[in-house]
1. Is there any pair linking a residue in the range 76-103 that is over 18 Å from residue 115 (Cα atoms) to one that is part of a loop (DSSP other than H, G, I, E, B) and of a type outside the set (Ser, Thr, Tyr), with Cβ under 6 Å and at least six apart or on different chains, and which?
2. From the residues in the range 76-90 that are among the aliphatic types (A, V, I, L, M) and part of a helix (DSSP H, G or I), which one is surrounded by the most Cβ atoms within 10 Å (Cβ to Cβ)?
3. Can you name the residue in the range 70-109 that is over 12 Å from the mean Cα position of the chain (by Cα) and β-branched (Val, Ile, Thr) and is also nearest to residue 36 (Cα to Cα) among such residues?
4. Looking at (1) touching a helix residue (DSSP H, G or I) at 6+ places or on another chain (Cβ under 7 Å); (2) part of a helix (DSSP H, G or I), find the lone condition where residue 106 falls short.
Amino acid sequence: MKIFVASILAALAAAGQASAAEGSADAGKAVFDMKCAMCHASAPGVRSPVAPNLFGVGQRVSGSSDFAGYSPALKKAAVPWNSKSLDQFLTGPNKMVPGTRMVITVPDAQKRADLVAYLVSLKKK
């Protein structure tokens with residue numbers, strides 16, 4: 001009986017962790033506005049002199065947009081951006097791509113999951 005109860009508790013704990021990792025694009029928009037919008041645009045066709053526009057980021061590789069100021073390291077890395085790679089990058093950009101110019105991290109797992117959900121939602125409908 002103890003093993004059965006322990007198994008149930010472990011399963012419930014794992015389910016709680018999985019749901020915490022799921023993001024909300026609506027909540028992610030607020031995170032974007034607070035942490036990212038000072039440098040990045042997220043609407044199609046908008047240019048920023050500081051950082052690449054993130055519209056469509058989930059459908060491209062690092063360093064591949066028309067932004068001219070990518071670091072050589074990020075261009076060379078050619079990371080295919082998706083939920084997993086964006087999550088890893090936002091955890092520690094310079095750990096994932098040493099030499100990148102991106103310095104902002106999102107240490108809170110839920111806020112990062114929300115932000116990633118928002119970023120991958122930025123695509124042509």
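1. 77/97
2. 90
3. Checking each candidate, the answer is 103.
4. If we test residue 106 against (1) touching a helix residue (DSSP H, G or I) at 6+ places or on another chain (Cβ under 7 Å); (2) part of a helix (DSSP H, G or I), just (2) comes out false.
Results for (1) in contact with a helix residue (DSSP H, G or I) (Cβ under 6 Å, 6 or more places away or on another chain); (2) exposed (fewer than 15 other Cβ atoms within 10 Å of the Cβ); (3) modelled with pLDDT of 95 or more, shown as yes or no for each residue.
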{"residue": "37", "(1), (2), (3)": "no, yes, yes"}
{"residue": "53", "(1), (2), (3)": "no, no, yes"}
{"residue": "74", "(1), (2), (3)": "no, no, yes"}
{"residue": "92", "(1), (2), (3)": "no, yes, yes"}
{"residue": "96", "(1), (2), (3)": "yes, no, yes"}
{"residue": "102", "(1), (2), (3)": "yes, no, yes"}
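The values are calculated or read from the model by the stated rules, or taken from the named source; none is laboratory data. Quick caveat: nothing in here was measured; it's all calculated off a predicted structure. No Cβ is skipped: glycine too gets one built from the backbone with ideal geometry, and neighbour counts run over all protein chains shown.
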